[in-house]
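Some notes on the structure that comes next.
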Amino acid sequence: MTYATHVLRHSKKIGSSSNLIRCDSAGLVRWFSNGTRPSMEKGDDILRCHSGLISGERHNIPKSFNRCYSGSAVSNNSCRTVSSRMSCGNALRTTIAPCTSTGSISFIRRSSGSQAPSRRGFSTASDLPPHQEIGMPSLSPTMTEGNIARWLKKEGDKVSPGEVLCEVETDKATVEMECMEEGYLAKIIHGDGASSIKVGEVIAVTVEEEDDIAKFKDYQPSTSDATPSPKAPASSPPPPKEEVAEKPVTPSQPKVSKPSASDRIFASPLARKIAEDNNIPLTNIKGTGPEGRIVKADIEDYLASRGKEAPAAAPKADTSLDYTDIPVAQIRKVTASRLLLSKQTIPHYYLTVDTCVDKLIELRSKLNALQEASGGKKLSVNDLVIKAAALALRKVPQCNSSWTNDYIRQYHNVNINVAVQTDNGLYVPVVRDADKKGLSSISEEVKNLAQKAKENSLKPQDYEGGTFTVSNLGGPFGIKQFCAIINPPQSAILAVGSAEKRVLPGSSEGEYKFASMMSVTLSCDHRVIDGAIGAEWLKAFKGYIENPESMLL
């Protein structure tokens with residue numbers, strides 16, 4: 001087994017920067033081979049540092065790792081970039097990747113939650129002092145890019161751990177991004193309102209010394225993949241030879257096209273006249289006559305097909321329309337893509353039932369009287385609907401599932417998403433374990449989540465992890481009945497309409513009575529929920545709505 005010794009140059013300069021690296025051994029030499037690399041990737045080599053830049057526990061680091069050498073025998077290719085990845089317990093898993101600069105070391109730290117990924121650079125080959133590049137964090141599992149809503153810190157401001165740097169608009173909410181280390185905000189790469197910033201892309205730079213801020217006035221981040229690229233041209237001379245070898249083949253292509261250019265286009269005289277009258281090039285028409293001859297029917301078919309396309313192009317030609325182009329927010333883009341995916345990939349079917357809500361309204365009035373007496377908040381009909389839906393899911397757990405191609409995942413937690421419409425878009429905050437909570441707890445939680453949604457301050461834990469969704473357009477808007485689109489990866493969503501007075505047949509012939517009826521529609525994923533199962537769930541839900549006292553048992 002052959003070993004390659006990788007030594008970090010300029011150890012004296014790095015060692016003198018006590019604010020940058022304070023390790024027990026102050027050594028970062030790595031001995032690598034094909035046999036030892038897997039153990040490094042498993043996190044067997046873990047460093048302990050006191051400055052907070054890298055934290056963790058040390059496990060059996062060989063003594064040979066605790067020395068750092070500098071010398072002239074190190075080639076440009078022997079420099080390595082050491083990167084560290086955060087995991088649970090602040091332990092580090094270190095990996096080493098090659099770089100071409102022999103005078104710099106960069107530490108890359110990535111973390112979860114609202115902490116931003118940052119890259120600290122120690123460069124002796126440039127005039128820039130030590131600095132930290134802050135990248136766009138990944139704040140949700142589905143986030144690939146984000147927008148900067150606004151910066152709460154300005155260039156030159158001092159920042160401390162825990163302070164909010166800026167507000168990031170993700171695919172689901174606006175989240176505050178906190179600072180991880182003490183320093184000064186030297187440069188803001190993407191300002192307020194910047195959009196479509198990829199995860200990991202540098203958005204700001206911080207420094208440790210206030211005097212270094214001015215040096216980053218014109219700073220532009222460099223891509224990490226730019227350094228290995230010069231190696232490619234070294235091995236690239238052969239491709240030009242292949243191109244030269246292929247050039248003699250190209251003259252054969254015109255030989256194929258020349259005969260086609262000289263070929264006559266055969267068409268009947270009537271077909272030619274109709275084409276000339278309508279300014280139709282005969283080259284655009286494929287003939288269906290003998291030996292490909294263009295006939296009158298071909299021209300008529302072409303005119304008919306072009307007539308069908310004309311109405312679609314008409315709005316583009318109309319310049320008299322007055323309009324405004326409204327920028328699409330990130331949440332609107334995600335909502336559009338997810339709902340489009342839902343309708344294209346999920347086989348929806350719909351079940352509708354009418355429920356009598358007289359007893360429900362009567363119980364709500366009694367409970368609200370008790371709530372007022374105790375200083376609590378009033379219950380809404382939607383709070384009772386959420387409770388009934390949660391209990392029905394516990395009774396018919398097949399509807400509390402999702403499709404995963406290889407199997408159906410049935411959830412043991414009943415987490416109800418509640419659709420909330422705001423000026424910023426549609427949000428679906430989640431009420432967790434709704435089947436185990438009381439009506440007053442559900443009511444208070446829904447009101448708090450709805451307020452957060454309207455203020456655009458929902459956290460990821462406020463909307464992730466739902467297993468079923470309730471959408472109510474009846475109470476707020478008076479919609480009688482509608483069909484909702486399933487929120488993937490869930491398998492069902494309940495659309496709740498408004499309650500209205502109806503005349504119903506009585507118990508005896510010729511007798512009628514008035515009742516408040518509410519229509520609800522269950523949208524189901526047929527891959528998971530068969531029609532009979534969906535009907536069974538609606539039966540259980542209707543039972544709870546029409547006999548609401550059973551929800552209190």
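Of the residues screened, Phe482 is one that is assigned by the TED database to the domain that holds Ser402 and assigned to a loop (DSSP other than H, G, I, E, B).
Counting only strands (runs of 3 or more DSSP E) that sit wholly inside the range 405-466, those with at least 3 residues that are touching a strand residue (DSSP E or B) at 6+ places or on another chain (Cβ under 9 Å) are 408-410, 416-418. Looking at the structure I just gave you, is Gln371 under 28 Å from the mean Cα position of the chain (by Cα), in a helix (DSSP H, G or I) and not aliphatic (A, V, I, L, M)? In short, no.
If we scan the range 536-545, do we find a residue that is at pLDDT 95 or above, assigned by the TED database to the domain that holds Asp383 and over 23 Å from Val381 (Cβ atoms)? Don't jump to the end; show me each part of the working.
Going residue by residue through the range 536-545, those that are at pLDDT 95 or above are 536-545.
Remaining after also requiring assigned by the TED database to the domain that holds Asp383: 536-545.
Those left that are additionally over 23 Å from Val381 (Cβ atoms): 536.
The answer is yes; a qualifying residue exists.
Regarding the range 532-550, can at least one residue be identified that is part of a loop (DSSP other than H, G, I, E, B) and touching a residue at least 24 places away in the same chain (Cβ under 8 Å)? Working first, answer last.
First, the residues of the range 532-550 that are part of a loop (DSSP other than H, G, I, E, B): 547.
Next cut, touching a residue at least 24 places away in the same chain (Cβ under 8 Å) only: 547.
So far as the range 532-550 goes, yes, one or more of its residues are part of a loop (DSSP other than H, G, I, E, B) and touching a residue at least 24 places away in the same chain (Cβ under 8 Å).
Within the range 360-386, the residues that satisfy the criterion of being touching a strand residue (DSSP E or B) at 6+ places or on another chain (Cβ under 8 Å) and closer than 18 Å to Val446 by Cβ are Val381, Asn382, Val385, Ile386. When the range 158-167 is filtered for residues that are of a type in the set (D, E, K, R) and either in a strand (DSSP E or B) or touching a residue at least 40 places away in the same chain (Cβ under 8 Å) (or both), the ones remaining, listed by number, are Lys158, Glu167.
Report, by residue number, each residue of the range 349-362 that is in a helix (DSSP H, G or I) and either open to solvent by 30 Å² or more (accessible area, probe 1.4 Å) or modelled with pLDDT under 95 (or both).
First, the residues of the range 349-362 that are in a helix (DSSP H, G or I): 358-362.
The answer is Asp358, Lys359, Ile361, Glu362.
The values are calculated or read from the model by the stated rules, or taken from the named source; none is laboratory data. Nothing here was measured: the structure is a model prediction, and the numbers come from that model. With ideal geometry, Cβ positions are generated from the backbone for all residues, glycine too; neighbour counts draw on all protein chains shown. These area figures cover heavy atoms from the full protein model, side chains too; ligands, DNA and RNA do not enter into them. Shrake-Rupley method; radii C 1.70, N 1.55, O 1.52, S 1.80 Å.
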